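The values are calculated or read from the model by the stated rules, or taken from the named source; none is laboratory data. Just so we're clear, the structure is a prediction, and the values are computed from it rather than from any experiment. Cβ atoms come from the backbone with ideal geometry, glycine included; neighbour counts cover every protein chain shown.
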Ligand SMILES: [Fe+2]
């Protein structure tokens, strides 16, 4: 699937770009901000004009969400899995999914199936003496409580692979990918019907946990979002004064470009991030929240260009740290933070890859909080490249390249084996 550049409608002033992390970050930030302001000005509008449009749009969305919350409505759309399988998702539900950019799939897997997977994971790690050998967190992204991890750096359990390669997972991923525009300008940016089985970890948070949660942030990238050529094209309408045409569901130029390396990077293009619940979780027990406005990316990308932000500052975005969404720079957006409703084991939870999210704090958590992280990462040049590393990690039981090099499972004989792959699994790993 060769990615070819889509011709620009009109000549634009060029933007400097850095395909690797710039050596002098403050200088690169100053340069890109000057160039972006100049490009927007060439459209006849100022940055302030353009940002006012975005502010108006996001204010309306935030107002709608806070009003719905006050009326006691659930903010997160919910779709029943059988409707996805039968192709009978009502148009209104589809529209709400696109508006809010997030979704709970009820009954994605049977509750007994999910609870069984949870038990299988416990057996898998215990049979391999994982807790005795656990060396502490391999990164500082998720803090662990005591000596037992909350995030298990485990990737190749039979349970995880069975879920990743299941037909039910493939159907939901295809449905979610289908919300995106995946072809334009003669380029097929990704294949909505084929997932790349992005391997990620497990979270098991026991009853009684006190957790500070995770601050609001987003995951699609950091400085590379402004500074690489591919992202500059992906966000072209934000950067050339035609902000009304920005479409958060357009995959053009998102699926081939590089990302700056770092401990928080994700090599894959994900249409949606997601996880599958392996326990029941109540909405007030330290659960996931999002700012359910996919178009808020326009706000996040252009806010640093306003005059009140120092010239060498991108509203706190830098390298080796996730993109923070902060009270200081993004307060109006954060008013819309909305938590998931109660979920049961077997439900899955999804959110658009650009969206701000956080995990609420909890004291003395009631019940377990167990999930398998499984996103929708459709086949595209970027994911095909990463799949080569995933295949090698799978073959050797290693931690995948996007994660700390902990490699607990290399000697675990009961991990998922190549002979257990089905067609979907082989296809996802690029083995067909
Ligand atoms: Fe995140």
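Here residue 339 meets the list (1) buried (at least 22 other Cβ atoms within 10 Å of the Cβ); (2) within 19 Å of the chain's Cα centre (by Cα) almost entirely, failing just condition (1). Residues in the stretch 87-111 that are at negative phi, free of Cβ contacts under 8 Å to residues at least 24 places away in the same chain and more than 20 Å from the chain's Cα centre (by Cα): 88, 90, 91, 92, 93, 95.
Once the stretch 138-196 is narrowed to residues that are assigned to a loop (DSSP other than H, G, I, E, B), at pLDDT 95 or above and in contact with a strand residue (DSSP E or B) (Cβ under 6 Å, 6 or more places away or on another chain), the residue that is farthest from residue 421 (Cα to Cα) is 182. The set of residues in the stretch 388-429 that are under 21 Å from the mean Cα position of the chain (by Cα), surrounded by 18 or more Cβ atoms within 10 Å (Cβ to Cβ) and within 18 Å of residue 261 (Cβ to Cβ) comprises 390, 399, 400, 402, 403. Every condition in (1) surrounded by 23 or more Cβ atoms within 10 Å (Cβ to Cβ); (2) within 15 Å of the ligand (Cβ to nearest atom); (3) within 20 Å of residue 213 (Cβ to Cβ) holds for residue 297 except the one numbered (3). For first residues located in the stretch 215-230 and on the phi > 0 side of the Ramachandran plot, partners that are near the ligand (Cβ under 10 Å from one of its atoms) and lie 6+ apart or on another chain with Cβ distances below 8 Å form the pairs 221/323. The residue list 191, 167, 200, 210 contains one member that is in contact (Cβ under 8 Å) with a residue 60 or more places away in the chain and within 12 Å of residue 378 (Cβ to Cβ), which is 191. Checking each residue in the stretch 197-206 for being in contact with a strand residue (DSSP E or B) (Cβ under 9 Å, 6 or more places away or on another chain) and within 25 Å of residue 234 (Cα to Cα) picks out only 198. With respect to the conditions (1) more than 16 Å from the ligand (Cβ to nearest atom); (2) under 24 Å from residue 290 (Cα atoms); (3) crowded, with 17+ Cβ neighbours inside 10 Å, residue 244 falls short on a single one, namely (3).
This table checks each residue for (1) within 16 Å of the ligand (Cβ to nearest atom); (2) over 17 Å from the mean Cα position of the chain (by Cα); (3) buried (at least 21 other Cβ atoms within 10 Å of the Cβ); (4) assigned to a strand (DSSP E or B).
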| residue | (1), (2), (3), (4) |
| --- | --- |
| 217 | yes, no, no, yes |
| 222 | yes, no, yes, no |
| 226 | no, yes, yes, no |
| 233 | no, yes, no, no |
| 248 | no, no, no, no |
| 260 | no, no, no, no |
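Here residue 276 meets the list (1) touching a helix residue (DSSP H, G or I) at 6+ places or on another chain (Cβ under 7 Å); (2) under 24 Å from residue 205 (Cα atoms); (3) in a loop (DSSP other than H, G, I, E, B) almost entirely, failing just condition (3). Being surrounded by 24 or more Cβ atoms within 10 Å (Cβ to Cβ), modelled with pLDDT under 95 and within 16 Å of the ligand (Cβ to nearest atom) is a description that does not apply to residue 213. For the residues 191, 195, 167, the requirement of being buried (at least 23 other Cβ atoms within 10 Å of the Cβ) and under 20 Å from residue 84 (Cβ atoms) singles out 195.
When 65, 79, 84 are screened for being in contact with a helix residue (DSSP H, G or I) (Cβ under 7 Å, 6 or more places away or on another chain) and in contact (Cβ under 8 Å) with a residue 60 or more places away in the chain, only 84 passes. Could you check, for the stretch 106-114, whether at least one of its residues is loosely packed, with under 14 Cβ neighbours inside 10 Å and assigned to a loop (DSSP other than H, G, I, E, B)? So far as the stretch 106-114 goes, yes, one or more of its residues are loosely packed, with under 14 Cβ neighbours inside 10 Å and assigned to a loop (DSSP other than H, G, I, E, B). With respect to residue 330, is the statement that it is within 16 Å of the ligand (Cβ to nearest atom) and in contact with a helix residue (DSSP H, G or I) (Cβ under 9 Å, 6 or more places away or on another chain) true? Yes: the conditions hold for residue 330.
When you look at residue 310, is it away from the ligand (no atom under 14 Å from the Cβ), touching a residue at least 24 places away in the same chain (Cβ under 8 Å), at negative phi and surrounded by fewer than 19 Cβ atoms within 10 Å (Cβ to Cβ), yes or no? Here the answer is no, as residue 310 does not meet what is asked. Criterion first (in contact with a helix residue (DSSP H, G or I) (Cβ under 9 Å, 6 or more places away or on another chain) and more than 30 Å from residue 17 (Cβ to Cβ)) does residue 203 satisfy it? Here the answer is no, as residue 203 does not meet what is asked.
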